[in-house]
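The values are calculated or read from the model by the stated rules, or taken from the named source; none is laboratory data. Please read these numbers as outputs of a predicted model, since none were measured by experiment. Cβ: placed from backbone, ideal geometry, glycine included. Neighbour counts: every protein chain shown. In case anyone asks, the SASA skips ligands and DNA or RNA and just uses the protein heavy atoms, side chains included. Shrake-Rupley method; radii C 1.70, N 1.55, O 1.52, S 1.80 Å.
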Amino acid sequence: MTDFTAPCEEKITQDDEAIAAAIEHTSIPALMMSMIHMSGDASLMDAEIKPGMAFMGEIQGFLSAEHQSDIRQQALKIICEYRDRGCTLPEAPEKSVIHKMMQFIVGDDVAEEYIDMMIEDTSIYGKDERTFSWNKPVNDNDKKNFKVLVIGAGQSGVLAGIRLNEAGVSYTIAEKNTGVGGTWWENNYPGARVDVANHFYSYSFEPNHDWPEHYSRQPQLAAYFDRCADKYDVKKNIQFETEVISATYISDSAHWSVVLRTANGKETTELYNAVISSAGQLNRQKYPDIEGINSFKGKAFHSSRWNWDLDLKGKRVAVIGTGASAFQLVPEIAKSAGHVTVYQRSPNWMFPNDRYHETVAEGKIWSLKNLPYYGRWYRFLHFWMTADKTHQLLFTDPNWEHKDRAISEANDFTRIMFTDYLKAQCGDDAELLEKVLPTYPPMGKRTLQDNGSWLGALKRENVTLVTHSVTAVNESGVVDETGAAIEVDIIVYATGFHASRFLWPMKITGKNGIDLHEQWQDDPKTNLGITTPNFPNFFCVYGPGNNLGHGGSLIFYSECQVRYILECFKTLLENGHKSIECKPEASEAYYQKFTEAADKTVWAHEGMDNWYKNKSGKVVTTSPWRLIDFWQWTKQPDLSEFTLD
Ligand code: NAP
């Protein structure tokens, strides 16, 4: 059982004045929900003041200053009464009231199918609803003798460890780095920060009330996962600087024989009953396929391998690529570098977000720590705004005529909105606008959060934006397709990752010597992106098709997948089975369903390249599903889809 901290961390001791000052900075809709928990009186929802529809990151429900002030006054009275009676709470609201509260806080219809998912994700009844529990007694020795290897100690690997601890099953996490956090450990380039709101981008059972920014920086993210690994006693099971080289299934004994290599090159072979790959999609750097990359005499590195020994002051830097990583690092390095030349192959659509670099006000941190369930509702508010609300916008309208610029009328409307945002920033600079205005439909690539820092950087005197293709790197710098060459001291390759080469470069061999990469080729057939035929007791988290492109948080997705995997282990151990293997017909059916949906998404549009597609242009990394559907499908494995031995 996890140590859960809801409804709040601390008892209120402050005087009325201090409380009044603190709640100046609260989210009013979340505060109203906390008021209902404190007072037990839900009639607040029937009064005149109601939040508008949650949308575009708005956390104040579009309420007027007057209405906000009115609610704060009502809240002060309720909070002081709650404090004065020793911070005791009345009975928790019933499910029907919770549903009404959900609809009220987001000013929107929350369909019945979402209630349980959101109760779970917010832990609104003060307990971790996704915690593991056995259905029937399993002998401790059987649990201990069932050994699991988890590959990677990023967010999903640590999560797997937490749940395996709850189950009492033995496990080892092999982590190639020296620390916890995976992508959050590796990507420490200047300006790296999360672009999903942090009060939602955290484990459902481990809220962090101390996020310093709404979208915190990499060190805070890495520290959070490290803290979780400590708190939930996962670290003792992590073997750092240990890479998985290969895994081979032994059918006779239903074991995986895994070759692990440590930093000093020593290889060992260990036997495991099951393997969970938490290797993720974004950890194998991709360099551009251009001439002369090794001839450069200056310093060159990938954005995820930042060379912190270098002082950029006064240096000439070339940045190749303008994806999410470059988008964050260019504004930061432009502050100190002598000159930055940015090579852009395609521009980005960006989403205006004033809070992107904003710190979390002290009063809000106080509210998160002291007001019961405030943090849980604040999480819900963010979840709802980014979850399935935008899902339908992903799909191409077959009757829409202007497919060159948009996939549907709504997508075209988004294009106009985003274009206006770019125009406003470019002002009179038509040349800049032409360079930074995408021609592909909005959402075709990952839409980036922006507070003006990207164009602010491009407009600096020490930054040049080049939109010609890079053709070569020579001893002294970069050459583009026009033949123009620039001399630089440093080249940063912000050129992304081999996302669709799942589990590469590991060699995974299943039943009858079948190689996973040969079976999958460039177009994996799996069930739910988690299991695959011929590979019994082998599971992926954040595997094929399980990236999120339209909203939600990968942590939510990982929690769904890890629960499903643990339920598979439960089936094995409670029933004395040795192995569980996905049936080919199940993965075939899922593949057909996935392909049909993914082919209709904006990501499949021919107008642009993105890392969601494989080499032949098919979307393979990213999920086309509503979050609610994936949550439903992963609550329990459908055992008719598996062969049990
Ligand atoms: P990316 O999105 O794949 O971007 C790679 C960039 O390099 C693109 O601009 C691409 O151009 C360009 N490029 C690739 N090959 C090139 C070549 N030969 N010549 C010129 N340009 C070339 O990679 P990323 O920026 O590292 O981001 C990857 C993903 O990581 C993101 O989508 C996101 O999911 C995650 N990420 C998240 C955060 C966050 O949460 N804050 C931050 C960073 C990354 P094209 O667009 O034309 O292909």
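At a glance:
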item	result
Amide H within-cut-off set for HIS302, under 5 Å, with H built and near neighbours excluded	TYR493
Using θ = phi - 60° and Karplus 6.51 cos²θ - 1.76 cosθ + 1.60, couplings along region 198-210 (whole Hz; Gly, Pro as x)	4, 6, 10, 7, 6, 4, 4, 9, 9, x, 10, 7, 9
Fully extended contour minus Cα-Cα distance, from LYS593 to GLN521, at 0.36 nm per residue	24.0 nm
Exposure of LEU528 as accessible area (Å², to 10), given a probe of 1.4 Å and all protein chains	10 Å²
Which listed pairs, of LYS100/LYS127; LYS176/LYS578; LYS525/LYS578; LYS445/LYS600; LYS95/LYS635, have C-alpha distances above 25 Å, in listed order	LYS176/LYS578
Paramagnetic label zone (point 7 Å from Cα along Cα-to-C-beta, ALA485; backbone N under 18 Å) in region 267-295	290-295
In nm, spacing of pseudo-spin labels at LEU89 and ALA410 (7 Å Cα→C-beta vector)	3.4 nm
Placed amide H near ALA472: partners under 5 Å, 5+ positions off or other chain	VAL479
Region 1-74 versus region 301-361: alpha-carbon centroid distance in Å	37 Å
In Å², nearest 10: area of TRP454 left accessible to a 1.4 Å probe	10 Å²
The chain: calculated mean residue ellipticity at 222 nm from DSSP helix runs of at least 4, using -39500 (n - 2.57)	-10000 deg cm²/dmol
Surface share of carbon and sulfur [accessible, 1.4 angstrom probe, percent] for region 514-569	47 percent
Separation of the ASN141 and THR269 label points, Cα + 7 Å toward Cβ, nm	2.8 nm
Region 561-587 versus region 109-129: alpha-carbon centroid distance in Å	26 Å
Mean Cα-pair separation over length for region 119-277, i.e. relative contact order, pairs under 8 Å, 6 or more apart, %	25 percent
Peptide ranges 284-296, 623-635 listed from the most packed, as the mean C-beta count within 10 angstrom indicates	623-635, 284-296
Rounded FRET efficiency, nearest 0.05, which uses the C-beta distance separating MET608 from ARG501 and R0 of 30 Å	0.90
Accessible surface, region 249-299, averaged per residue in Å² (probe 1.4 Å)	55 Å²
Accessible surface of region 261-409, 1.4 Å probe, proportion on carbon and sulfur as whole %	46 percent
For region 372-382, Karplus couplings with θ = phi - 60° (6.51, -1.76, 1.60), whole Hz, Gly/Pro x	x, 6, 4, x, 5, 6, 5, 4, 4, 4, 5
Relative contact order (percent, whole number), the chain, Cα cutoff 8 Å, 6+ residue spacing	18 percent
Label-to-label distance, nm, for residues given as ASP311 and LYS618 (7 Å Cα→Cβ offset)	5.3 nm
Candidate residues GLU175, GLU58, GLU81: accessible-area rank, largest first, probe 1.4 Å	GLU81, GLU58, GLU175
FRET efficiency estimate (nearest 0.05) - Cβ-Cβ, TYR125 to ILE250, R0 30 angstrom	0.10
Surface per residue (accessible, 1.4 Å probe) for region 7-101, Å²	50 Å²
Pairwise centroid distance, computed over Cα atoms, of region 142-169 with region 217-261, Å	9 Å
Antiparallel bridges, percent of DSSP beta bridges restricted to the chain (to nearest 5)	45 percent
Percent of alpha-carbon pairs separated by more than 44 Å within the chain	23 percent
Test item: Cα-centred dipole of the chain, Lys/Arg +1 and Asp/Glu -1 on Cβ, debye	1480 debye
Share of carbon and sulfur in the accessible heavy-atom surface of region 110-219 [1.4 Å probe, %]	45 percent
Region 105-226: radius of gyration and largest Cα-Cα distance (Dmax), Å	17.4, 52
Rounded accessible area per residue of region 340-432, 1.4 Å, Å²	43 Å²
FRET efficiency for LYS435 and ILE115, using Cβ-Cβ distance with R0 set to 56 Å, rounded to 0.05	0.75
